[in-house]
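So the structure is just underneath, and the comments pick up after that.
Bear in mind these aren't lab numbers, they're just calculated from the coordinates by the rules spelled out. These numbers come from a predicted model, not from an experiment. Virtual Cβ from ideal backbone geometry, glycine too; neighbours counted across all protein chains shown.
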Amino acid sequence: MHKMMIFSIILLALVALTAWGILSAATPEELEGRIVELESQLAQMKEKVSALESKYHFEAPILVDANDQIVGTVVREQADRINLLSTQGYAFSVDHAGKITPKVIRYANPICDGEQYIAKQDDAVMPNGQENSAMPGEVFTSGGNNLTTSDDLYYVPFTSKETKILESYYKAPSSCSFGGEVTVYPVSLNDPSVTDVERIDYALPLHITVPQQ
């Protein structure tokens, strides 16, 4: 795409330079005819450039609901979820019922209260095999580990710095369980003005489509 654009720009420049050389040696009567001819050539070149741009322009697929409301730009489709990007570049995933993926929140105390964290991807799996990790630039709900999914959304800002909790804990259905040492990122309540991700009851079914030009 970029190579074609550069090639087209070079051609336009060559036409202009050639015209300049011709015009410098032309009589006034010849100038008018050559200007008209040059304008016609430039118009044709612009049409060719536009045609090339249209031919090789790629639109990323998007996920939309039954009302054609855009959920996000599709990055990857998996068996149980679709990975997406928001307009602000934040990653999130939804299942085929339109529910945003829950992740296990970590705490630095045995009562599972206060500051909230999410495990770095290097520490991605709970003892029961459930996913519990994220990285800067992700949005998710709190849940997993047999917990009821929270109505709140959380996110890890792009500027987040990793830290280490020597004794981490996470909520289980009837307790606050010890999670051991883990590298984490601080978690914030979602801010739609930052992430452009909101909890919405999408009209089902969801489907993937390619935007029309």
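Quick rundown of the values:
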quantity	calculated
Sorted by Cβ density within 10 Å, fewest first, the residues Lys171, Lys99	Lys99, Lys171
Inter-probe distance in nm under a simple model that places probes 7 Å from Cα toward Cβ, at Glu37 and Thr183	6.9 nm
